[in-house]
């Protein structure tokens, strides 16, 4: 049976040069994979305006939520204890819009 894995997705402006204490985090998300098959993902949690301690607690809350929703179905009832990997993506790839994105012509009318 393939292994279920939760991947932490970190959206920032500098995904290739991310430094945890220096690079602002735009949003945090997660994906569930079983073997090589993508199964589920959460809508990323927007981090703008959150204090560092509020952002730091999000990964454990994400694991807890994934355990509640998917452990029985995909992980033999076992809680997800940690992320299998962390993936860094640019904020342009994030489905959660930044409040500083310019309005499109249709939105401005």
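Read-outs throughout are calculated quantities, based only on the coordinates presented, and are distinct from any laboratory measurement. What you see is a predicted model; the values in this text were computed from it and never measured. Cβ: placed from backbone, ideal geometry, glycine included. Neighbour counts: every protein chain shown.
At what distance in nm do the modelled label points of residue 97 and residue 82 sit from each other, each positioned 7 Å from its Cα along Cα→Cβ?
Computed distance between label sites residue 97 and residue 82 equals 3.9 nm.
Only Cα pairs within less than 10 Å get springs; with that Gaussian network setup on the chain, which residue of 58, 73, 28 has the largest fluctuation?
73
Helix 52-74 versus the longest principal axis of the chain: what is the Cα-based angle in degrees, 0 to 90, to the nearest 10?
Helix 52-74 sits roughly 40 degrees off the main axis of the chain.
Can you classify region 25-88 as rounded, prolate or oblate using the Cα gyration tensor, where a ≥ b ≥ c are the square roots of its eigenvalues, rounded means a/c under 1.5, and otherwise it's prolate if a/b beats b/c and oblate if not? Don't jump to the answer; show the numbers that get you there.
On the way: a/c = 2.44, a/b = 1.77, b/c = 1.37.
Prolate is the answer for region 25-88, as a/c is 1.5 or above and a/b outweighs b/c.
Decide, for the chain, between rounded, prolate and oblate: order the square roots of the alpha carbon gyration tensor eigenvalues as a ≥ b ≥ c, take rounded if a/c falls under 1.5, and otherwise choose prolate if a/b is larger than b/c, else oblate. Spell out each step's value before the answer.
On the way: a/c = 2.14, a/b = 1.71, b/c = 1.25.
Prolate shape, in that a/c is at least 1.5 and a/b is the bigger ratio.
Please build a GNM for the chain, connecting alpha carbons under 10 Å apart, and tell me which residue among 45, 22, 31 fluctuates the most.
22
Counting pairs of alpha carbon atoms under 8 Å apart in space and at least six apart in sequence, what relative contact order in percent does the chain give?
Numbers: 166 pairs, mean separation 38.1, N = 109.
Normalised by residue count, the contact order of the chain is 35 percent.
Neighbouring Cβ atoms within 10 Å as the yardstick, rank 7, 62 fewest first.
Values: 7 16, 62 20.
Taking fewest neighbouring Cβ atoms as first place, the list is 7, 62.
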